[in-house]
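Step one of this worksheet: look at the structure below.
The values are calculated or read from the model by the stated rules, or taken from the named source; none is laboratory data. Only a predicted model underlies this, so the values are computations on that prediction, with no experimental measurement involved. Note that we place each Cβ from the backbone using ideal geometry, even for glycine, and neighbour counts take in every protein chain shown.
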Amino acid sequence: MTPTSAFHLQMRPDNIGVITINVPGEKINTLKAEFAAQMMATIAEARRNAQLVGLVLISGKPDSFIAGADISMIDRCRSVEEAAGLSRQGQEVMASLAALPVPLVAAIHGACLGGGLELALACDARICSLDDKTRLGLPEVQLGLLPGTGGTQRLPRLIGVSEALTLMLSGKTLRAEQARRLGLVDEAVPQAILLQSAIERVLKGKAGPATLPTRERLIQAPLARHALFAFAKRQTRQKTQGNYPAAERIIEVVRIGLEQGARSGFDAEARAFGELAMTPESAALRSLFFATTAMKKEPG
């Protein structure tokens with residue numbers, strides 16, 4: 001029996017497609033490997049409409065956009081190659097979304113974390129609700145991993161390398177207004193007008209490249225960038241004492257992408273994701289995550 005898709009397309013009279021993400025039988029949306037085919041099938045369905053103006057991605061869950069990837073699928077990997085393959089599969093889906101000829105806008109309410117934020121980064125624009133439940137971030141470092149579906153490459157190009165490193169190395173989450181000020185989202189609006197705001201953004205057409213703040217543009221110069229990476233590495237080693245390899249790999253992968261181009265960056269990201277997933281540090285942190293999650297489900 002074919003599993004029910006987590007993605008549902010509704011075409012509006014104005015030829016804008018609204019794709020609702022709603023993982024069957026789950027309280028929150030998390031990304032699973034099998035969703036790659038489902039999402040691409042939904043996009044293909046929308047593109048069969050010759051008059052398609054654009055697409056909006058929105059969650060069908062009350063309190064989450066996408067709360068990250070399903071950690072158990074990483075736990076099931078038995079080799080570096082298998083884990084790196086998961087990363088590459090995700091990168092391919094995100095690249096397909098980023099290459100769409102029509103605008104794609106993420107309408108974010110609730111948790112937008114890890115792979116969920118990476119999905120939003122592949123969109124032309126991001127609009128989030130001002131609700132207190134809305135949180136955005138890339139917390140993979142807390143699991144001994146790095147963003148593995150393009151996040152290490154897209155985030156620096158959107159908000160600048162300095163801010164991107166801070167966000168990824170800390171794993172901290174941002175509220176709506178913080179994300180807007182940083183340029184991570186284009187608008188932060190009341191939840192009641194979230195979908196309408198996203199539709200209005202689609203009607204503006206494809207977005208151009210992000211304009212970085214002056215400070216971040218200055219860091220693009222080779223000497224300044226070299227100094228920034230050296231400082232980030234030194235500070236990270238002081239904090240982690242070499243016990244958290246993910247932090248240094250994040251710095252390395254971001255540097256490769258900026259110095260050698262996005263293609264090299266994506267390759268380095270997938271390779272680093274696969275290698276980190278097999279480390280004892282990541283295995284221990286994932287076990288802790290599962291134990292903590294199980295405790296939260298216990299009554300009382």
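Looking across the stretch 241-251 at every residue that is assigned to a helix (DSSP H, G or I) and more than 19 Å from the chain's Cα centre (by Cα), the one that is nearest to GLU275 (Cα to Cα) is identified as PRO245. Just for the stretch 151-183: of the residues that are outside any helix (DSSP H, G or I) and charged (D, E, K, R), which one is farthest from the chain's Cα centre (by Cα)? Ranking the candidates gives ARG175 first.
Here GLU259 meets the list (1) outside any helix (DSSP H, G or I); (2) of a type outside the set (Ser, Thr, Tyr); (3) modelled with pLDDT of 85 or more almost entirely, failing just condition (1).
Of the residues making up the stretch 180-190, one or more are out of contact with any Cys (no Cβ under 6 Å at 6 or more places or on another chain), surrounded by fewer than 19 Cβ atoms within 10 Å (Cβ to Cβ) and under 21 Å from PRO147 (Cα atoms).
Scanning the stretch 14-41 for residues that are part of a helix (DSSP H, G or I) and touching a Phe, Trp or Tyr at 6+ places or on another chain (Cβ under 7 Å) yields GLN38, MET39. Please go through the stretch 9-18 and pick out each residue that is under 20 Å from ASP124 (Cα atoms) and either surrounded by fewer than 21 Cβ atoms within 10 Å (Cβ to Cβ) or touching a residue at least 60 places away in the same chain (Cβ under 8 Å) (or both). Answer for the stretch 9-18, where residues must be under 20 Å from ASP124 (Cα atoms) and either surrounded by fewer than 21 Cβ atoms within 10 Å (Cβ to Cβ) or touching a residue at least 60 places away in the same chain (Cβ under 8 Å) (or both): LEU9, GLN10, MET11, ARG12, ASP14, ASN15, ILE16, VAL18. The residue that is farthest from LEU121 (Cα to Cα), among those in the stretch 55-74 that are assigned to a loop (DSSP other than H, G, I, E, B) and in contact with a Gly (Cβ under 8 Å, 6 or more places away or on another chain), is PRO62. Scanning the stretch 217-263 for residues that are surrounded by 17 or more Cβ atoms within 10 Å (Cβ to Cβ) and hydroxyl-bearing (Ser, Thr, Tyr) gives THR236, TYR244. The single condition among (1) part of a loop (DSSP other than H, G, I, E, B); (2) over 13 Å from the mean Cα position of the chain (by Cα); (3) not hydrophobic (A, V, I, L, M, F, W, C) that GLY148 does not meet is (2).
Here's the yes/no breakdown for (1) at pLDDT 95 or above; (2) of a type in the set (Lys, Arg):
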{"site": "GLY265", "(1), (2)": "yes, no"}
{"site": "GLU269", "(1), (2)": "yes, no"}
{"site": "ALA272", "(1), (2)": "yes, no"}
{"site": "LEU276", "(1), (2)": "yes, no"}
{"site": "LEU285", "(1), (2)": "no, no"}
{"site": "PHE290", "(1), (2)": "no, no"}
{"site": "ALA294", "(1), (2)": "no, no"}
{"site": "LYS297", "(1), (2)": "no, yes"}
{"site": "GLY300", "(1), (2)": "no, no"}
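Here GLU45 meets each of (1) in a loop (DSSP other than H, G, I, E, B); (2) modelled with pLDDT of 95 or more; (3) surrounded by fewer than 17 Cβ atoms within 10 Å (Cβ to Cβ); (4) of a type outside the set (Phe, Trp, Tyr) with one exception, condition (1).
May I ask you to verify whether LEU276 is of a type outside the set (Val, Ile, Thr), closer than 18 Å to GLU140 by Cβ and over 21 Å from the mean Cα position of the chain (by Cα)? No: the conditions fail for LEU276.
Figure legend. Inter-residue proximity from the stretch 232-248: first residues free of Cβ contacts under 8 Å to residues at least 24 places away in the same chain, second residues aliphatic (A, V, I, L, M), beta-carbon distance below 6 Å, spacing 6+ or different chains. Indicated pairs: LYS233/ILE251; THR240/ALA247.
If only residues of the stretch 184-221 that are assigned to a helix (DSSP H, G or I) and hydroxyl-bearing (Ser, Thr, Tyr) are counted, the one that is farthest from LEU158 (Cα to Cα) is SER197.
Tell me yes or no: at least one residue of the stretch 28-41 is more than 20 Å from the chain's Cα centre (by Cα), under 20 Å from CYS123 (Cα atoms), surrounded by fewer than 15 Cβ atoms within 10 Å (Cβ to Cβ) and free of Cβ contacts under 8 Å to residues at least 40 places away in the same chain.
yes
Does LEU52 satisfy the condition of being over 27 Å from LEU130 (Cα atoms), touching a residue at least 40 places away in the same chain (Cβ under 8 Å) and either out of contact with any helix residue (DSSP H, G or I) (no Cβ under 7 Å at 6 or more places or on another chain) or part of a loop (DSSP other than H, G, I, E, B) (or both)? The answer is yes for LEU52.
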